[in-house]
Amino acid sequence: MSKDFDVIVIGSGGAGLSAAISAKENGAHVVILEAEPTIGGSTIRSAGVLVAAGTSVQNSLGVHDSAEDMYQHYMDLNQWKVLPGPVWNFCHESGPMFEWMLDMGLQVPAQHSTNAHMPGLTRGGVENNKRCHVPEGQGKGLVEVLDKRRDELEIPVRLNCRVSDLIIEDNKVQGVKVGDEHLFADAVIVASGGFAQNQDLIRKYFPDALDAGTSFFAVAADGSRGDHLRFAEKHDLKVFGENWGLLLLTARFQRFHHWVSGFPPAARIYVDAQGVRCMDEDSTYAVNQGQWKATGKTVWAIFDEHARKNLPSDVEDWQPDRILEEVCKGVVVSGETLEELADKIGVPQNNLENSVKRWNEMLPHGFDEDFRRHDTLRSKGSDPKLDPIDQGPFYAVQIVPGELVCTHTGLQINSTAQVFNSSGALIGGLYAAGEAAGGVLGERYVGAGNSVTNGLVLGRIAGAQAALSQTEDLSQMLI
Ligand SMILES: Cc1cc2nc3c(=O)[nH]c(=O)nc-3n(C[C@H](O)[C@H](O)[C@H](O)COP(=O)(O)OP(=O)(O)OC[C@H]3O[C@@H](n4cnc5c(N)ncnc54)[C@H](O)[C@@H]3O)c2cc1C
């Protein structure tokens with residue numbers, strides 16, 4: 001059989017574009033096959049934040065950082081349950097990948113930023129340093145930069161071209177199938193994203209994502225159908241990272257990502273099934289999914305009439321009238337007094353009153369002795385002094401991990417993105433990167449930028465390895 005390409009890349013998100021550019025830059029004849037009518041996958045929907053250590057932006061701002069520090073923190077926070085080899089390269093190649101992106105035209109101003117939407121350098125999640133780089137134009141801007149480079153390199157993209165299967169013989173990849181068409185290549189890079197849009201695969205590989213019941217919704221791209229897991233099942237490939245992914249805490253009635261949904265009132269308190277305050281209400285999504293689990297999976301947000309009235313009206317979910325509509329539907333519970341509210345949600349009156357009383361003694365003065373929420377608020381550039389919760393009627397709504405952003409169960413890779421079979425042997429010429437690969441993204445998300453950087457770094461490595469293995473110039477290959 002004659003080969004059609006040196007390298008076939010499945011998917012045109014961050015991982016796929018990065019892999020294809022890198023393969024071409026290393027001399028390979030490449031094609032990208034994309035299932036959807038447009039490129040970009042979840043990457044184009046994202047904030048485009050990149051986590052990277054030792055970058056020129058950090059240097060300009062006097063932020064001292066290193067890949068070793070990033071590695072240690074990342075591994076420790078994930079309790080060493082992720083794979084050291086791939087994570088090592090994720091950390092060590094994050095800086096070079098970032099400079100590569102700047103060379104392509106990505107704009108990240110050398111200024112401090114306080115959040116994932118303000119271009120510059122910020123601390124995301126629970127990172128132990130400022131290493132989250134927010135680009136101009138967010139995910140769209142990032143994909144445009146990659147696509148411009150793809151165009152310059154004349155790498156073809158076939159849209160509406162969903163790869164239905166891999167062709168693997170004698171533990172070596174031979175190419176892919178797109179329906180009845182067979183395309184042959186020396187190397188294939190699976191960069192087909194996650195499975196957030198596939199309920200059957202979620203049930204099987206990420207059952208915790210169903211904890212939110214009917215309040216579950218996924219914001220990942222439509223193409224996140226989990227084809228990598230179908231390939232794994234068919235070809236006995238090893239899968240890593242089961243039951244892991246990024247879920248965001250949302251109110252039961254929320255249906256949109258916070259850019260559209262809006263935010264709950266700042267003056268709100270989270271209490272557990274006993275009516276006792278249980279967490280920093282603003283704690284980062286890097287860890288709050290775990291905190292929610294630790295409460296026994298029942299958390300109520302409590303706020304008052306003053307907070308409801310002061311919500312903005314130009315968002316979809318967290319707006320004043322919507323709260324009243326949800327009260328009529330019984331999703332939000334209201335009570336004229338805290339005692340009445342406590343009875344309605346089934347928590348001891350005394351506990352709820354004590355929790356709110358303690359809040360009113362602390363947060364309106366800008367200090368939270370119990371959960372140090374003032375630190376969180378300050379780090380976001382917000383006023384740590386919050387309104388008291390004292391004007392009835394009072395409201396309660398359950399908080400659940402309802403919003404699925406990305407999934408972390410993928411094809412197990414080695415440090416250079418090559419895929420293992422379930423017996424622990426590497427499959428010749430088969431690589432995976434991004435959400436389709438397992439090993440880097442863990443149970444804890446650590447901070448904004450983990451997933452896009454994972455895709456770009458491992459995609460870049462996979463592309464280079466796939467190309468260099470054609471020329472057998474192994475001297476340049478990473479180990
Ligand atoms: C709203 C939102 C905000 C986010 N913000 C951030 C952030 O700021 N920073 C961060 O690090 N992460 C963020 N994430 C997560 C991050 O965007 C993704 O995890 C990451 O971009 C995934 O990249 P990928 O290349 O692996 O997959 P994708 O970008 O999803 O690309 C996969 C592509 O493969 C295609 N495909 C699937 N199956 C096939 C097939 N069989 N054949 C051909 N093509 C196929 C898909 O259609 C898709 O285009 C965010 C996600 C969302 C949804």
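A few notes on this one:
- For the chain, the antiparallel share of DSSP beta bridges with both residues in that region comes to about 65%.
- The range 261-322 and the range 1-44 have Cα centres separated by 41 Å.
- Per-peptide average of other Cβ atoms within 10 Å, ordering 370-378, 269-277 highest first: 269-277, 370-378
- Remark on the range 87-225: Rg and Dmax equal 19.2, 52 Å (Cα only).
- Partner aspartates and glutamates for residue 309 [C-alpha distance under 18 Å; skip if fewer than 8 residues away on the same chain]: 317, 321, 325, 326, 336, 387, 390
- Candidate cross-link partners of residue 81 among the lysines, defined by an alpha-carbon separation under 18 Å and a same-chain spacing of 8 or more, comprise 238.
- For the range 324-391 versus the range 136-182, the gap between their alpha-carbon centres in whole angstrom: 49
- Each peptide in 314-322, 390-398 gets a packing score, the mean of other Cβ atoms within 10 Å over its residues, and the list from highest to lowest is 390-398, 314-322.
- Compared with the alpha-carbon gap, the fully stretched path from residue 257 to residue 385 is longer by 43.4 nm at 0.36 nm per residue.
- Surface/4 of the Cα convex hull for the range 246-403, nm²: 8.3
- Each 10 Å bin from 0 upward holds the following percent of the Cα-Cα pairs of the chain: 4, 20, 29, 23, 14, 7, 2, 0.
- The order of the peptides 104-112, 51-59 by mean Cβ neighbours within 10 Å, most packed first, is 51-59, 104-112.
Any read-out appearing in this document is the output of simple, stated calculations on the displayed coordinates, not a laboratory observation. Keep in mind that this is a model prediction, so the values were computed, not measured. Backbone-built Cβ (ideal geometry, glycine too); neighbour counts: all protein chains shown.
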